[in-house]
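Input: a single structure, listed below in structure tokens.
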Amino acid sequence: MPAYLDHAYLDNAATTPMRPEAVEAMLPYLTERFGNPSGSHAVSREAKKALEEARDVVAAALGASPGEVVFTGGGTEADNLAVIGAHRARPGTVVCSAVEHHAVLHATRAVGGRLAPVGADGVVDLDALAAMLDPDVSVVAVMLANNEVGTIQPIAGVAALARARAPEAVVVTDAVQAFPWLDVAALAGPADLVAVSAHKFGGPKGVGALVVRQGVQVAPIIHGGGQERDRRSGTYNVAGVVAMAAAMQATIAQRDDTVARVRRLRDRLADGLLARIDGAIETGERANRVAGNCHLTFDGIEAEALLVLLDGMGVYASAGSACTSGAVEPSHVLEAMGVSRARGLGALRLSLGPTTTDADIDLALDAVPTAVARLRDG
């Protein structure tokens with residue numbers, strides 16, 4: 001058994017351990033059921049049947065019909081297909097919130113889009129967003145839950161503004177971080193395009209999905225054999241799709257209990273660190289963030305050095321999003337929230353998950369204050 005399995009893994013926002021249900025569902029399609037569902041013989045038909053059964057599960061989990069589900073290679077591809085694909089289908093101005101994941105932020109910048117500001121709480125400023133919307137806007141992208149600080153966004157309000165001020169625009173919601181904790185089918189219901197990624201809720205890496213509501217047009221960004229109704233070409237990752245569906249079912253079945261238990265652990269962790277570390281500040285509003293997110297900033301330290309010390313103590317965490325880990329610049333999310341550069345460089349994201357235990361919290365409550373004190377003492 002790897003040694004780190006005995007330590008405190010508090011980086012679930014980066015990726016989660018695979019659920020046993022997902023592993024069990026996946027294994028047959030990595031071995032004897034290896035068919036390509038695009039074929040016509042019996043082996044292919046078996047794979048096709050599994051693919052479409054998984055599509056039914058994913059659709060139900062996301063509040064969509066099966067024909068609205070597009071399987072992708074992960075959340076980044078789903079976000080890119082949503083933003084760039086919708087923009088290509090109807091060229092116009094793309095607007096996204098300033099705290100989006102880089103998959104949406106960079107896609108928006110790639111098509112010359114604009115950023116809507118957020119408040120100090122990390123919530124998109126609806127008045128400022130409204131002022132940016134007009135009939136020339138083709139895409140409005142606001143994530144359901146932030147990947148760094150966990151803030152939950154008012155998607156219904158965003159969609160209402162878009163319908164009123166930019167009636168031809170489509171609303172994109174990155175729900176990658178939301179699915180483990182929130183009822184995405186309900187909360188992202190007003191959105192036209194909804195992205196998820198399997199490895200954030202106990203599925204495998206390299207597979208995701210995009211809901212494309214009926215009547216919404218997206219131009220493909222990957223061309224080839226015309227799979228997924230010509231919206232996403234490429235040979236299907238059947239094993240990944242089947243495992244994602246199994247992870248979704250397990251997540252939904254256990255979500256209420258998991259959220260209540262993890263929120264208690266998160267609150268104990270956050271309160272304990274705030275009490276034990278002078279100058280610690282919690283980022284954003286705890287009442288409006290997903291249950292697994294604990295995000296703090298510390299003065300007088302740099303997060304990268306803190307992570308090295310924590311790693312040596314058996315606490316695995318992040319300075320922000322996994323995609324930017326190792327960067328020396330403060331997070332664009334914290335910058336958009338008005339956090340100073342000095343404090344932003346001392347940010348720590350501890351993200352809990354279904355496998356987090358009280359022992360993990362105990363270890364973190366001992367290790368983080370010790371590491372911060374060591375860095376401050378030089």
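The values are calculated or read from the model by the stated rules, or taken from the named source; none is laboratory data. No experiment lies behind these values; they were computed from the predicted model shown. Cβ atoms come from the backbone with ideal geometry, glycine included; neighbour counts cover every protein chain shown.
Structure notes:
- Looking only at segment 250-291, residues that are of a type in the set (S, T, N, Q) and over 24 Å from His199 (Cα atoms) come to 1 in all.
- The one condition in (1) of a type outside the set (Gly, Ala, Ser); (2) more than 24 Å from Val149 (Cα to Cα); (3) in contact with a strand residue (DSSP E or B) (Cβ under 8 Å, 6 or more places away or on another chain) that Val172 fails to fulfil: (2)
- So Pro354, is it outside any helix (DSSP H, G or I) and touching a residue at least 60 places away in the same chain (Cβ under 8 Å): yes
- Cβ-Cβ under 7 Å pairs, at least 6 apart or on other chains, segment 73-87 side closer than 18 Å to Ala14 by Cβ, far side in a helix (DSSP H, G or I): Gly75/Ala103; Thr76/Ala103; Asp79/Ala103; Asp79/Val104; Asp79/Ala107
- Hey, Arg266 under 25 Å from the mean Cα position of the chain (by Cα), buried (at least 16 other Cβ atoms within 10 Å of the Cβ), closer than 27 Å to Ile152 by Cβ and not hydroxyl-bearing (Ser, Thr, Tyr) or not: yes
- Output for segment 299-329, where each listed residue is in a loop (DSSP other than H, G, I, E, B) and at pLDDT 80 or above: Asp299, Gly300, Ile301, Glu302, Met313, Gly314, Ala317, Ala319
- Condition check for Ala209: part of a loop (DSSP other than H, G, I, E, B) and touching a residue at least 12 places away in the same chain (Cβ under 8 Å): no
- Among the residues of segment 103-145, the one identified as among the acidic types (Asp, Glu) and touching a Lys or Arg at 6+ places or on another chain (Cβ under 8 Å) is Asp134.
- Under the condition of being buried (at least 16 other Cβ atoms within 10 Å of the Cβ) and either in contact with a Pro (Cβ under 9 Å, 6 or more places away or on another chain) or assigned to a strand (DSSP E or B) (or both), the residues counted in segment 14-40 number 6.
- Restricted to helices (runs of 4 or more DSSP H) entirely inside segment 56-158, those with at least 1 residues that are touching a helix residue (DSSP H, G or I) at 6+ places or on another chain (Cβ under 7 Å) and closer than 29 Å to Val241 by Cα are 75-89, 102-110.
- Number of residues in segment 88-106 that are closer than 24 Å to Gly226 by Cα, of a type in the set (D, E, K, R) and either surrounded by 24 or more Cβ atoms within 10 Å (Cβ to Cβ) or without any contact (Cβ under 8 Å) to a residue 60 or more places away in the chain (or both) equals 0.
- Qualifying residue in segment 47-56 (condition: touching a Leu at 6+ places or on another chain (Cβ under 8 Å) and farther than 30 Å from Gly314 by Cβ): no
- Positions within segment 271-310 being free of Cβ contacts under 8 Å to residues at least 12 places away in the same chain and either surrounded by 15 or more Cβ atoms within 10 Å (Cβ to Cβ) or over 27 Å from Val123 (Cβ atoms) (or both), in sequence order: Asp278, Val308
- Selection within segment 34-54 - touching a helix residue (DSSP H, G or I) at 6+ places or on another chain (Cβ under 7 Å) and farther than 16 Å from Met244 by Cβ: Gly35, Asn36, Ser38
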